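The values are calculated or read from the model by the stated rules, or taken from the named source; none is laboratory data. Predicted, not measured: the structure shown is a model, and the values here were computed from it. Note: ideal-geometry Cβ built from the backbone for every residue, glycine included; neighbour counts use all protein chains shown. These accessible areas exclude ligands, DNA and RNA; they are computed on the full protein's heavy atoms, side chains included. Shrake-Rupley method; radii C 1.70, N 1.55, O 1.52, S 1.80 Å.
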Amino acid sequence: MAKKSYDWVAIKLEFVKSSLSTRDFAEAFDIPYSTFSKKVMREQWENERKQIGSKLEAKSVEKSIDNRADELAEFEATTLRAIRMAQADVIDKIASCKKAGEIKALSNALVELQKGYRLALGASTENQATGTTTDFSQWLESIDNGELGTGRSSA
């Protein structure tokens, strides 16, 4: 009986891409197990399979990171749009406020919106103003006392 010839290049490509055991692969491709296993061991096909597996895993992780980064960027863009809309609403409401307590609450809302916006941009959420908290408190107190304008009390 004539010896059967095999397309070893094509078989090797299929083997290193597959996850079948050496025995299962030999059976699936109708190759005698002893012939196939000797070829696999001699030419170190298992090592190539592992290298491909490692590269595939690294590529998969990279793609997963890219997908998550895209998702985060989309989420942050949506958040920024929502904050801008809320900020515009708060600013509109401040203009029509009659009570100091309402102005104070809306001012606090603006501060929180600014923090959220800066956080979404990856910037510091610390107050960047040059004035102190005491200055702001005095300004709010002057509003409560009906001294609108400069924020300085008339002493």
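Numbers below:
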quantity	calculated
Candidate lysines for bridging to Lys63, where Cα separation is under 24 Å - those fewer than 8 sequence places away on the same chain excluded	Lys17, Lys50, Lys55
Accessible area expressed per residue, the range 7-134, with surrounding protein chains retained (probe 1.4 Å, Å²)	75
Accessible area (Å², 1.4 Å probe, nearest 10) - Thr78	70
Solvent-accessible area, 1.4 Å probe, carbon plus sulfur percent, for the range 72-132	58
Solution diffusion estimate, µm²/s, Stokes-Einstein, the range 66-126, Kirkwood Rh from C-alpha pairs, 4 °C, viscosity 1.567 mPa s	102
Candidate residues Trp45, Trp8: accessible-area rank, largest first, probe 1.4 Å	Trp8, Trp45
Rg to Rh quotient for the range 1-111, alpha carbon positions, Kirkwood Rh	1.61
Cα-based equivalent ellipsoid, the range 17-78: semi-axes from gyration tensor eigenvalues, Å	41, 12, 5
Cβ-defined net charge surrounding Tyr117, 11 Å radius [Lys, Arg +1; Asp, Glu -1]	+2
Separation between Cα centres of the range 12-79 and the range 89-127, rounded to whole Å	53
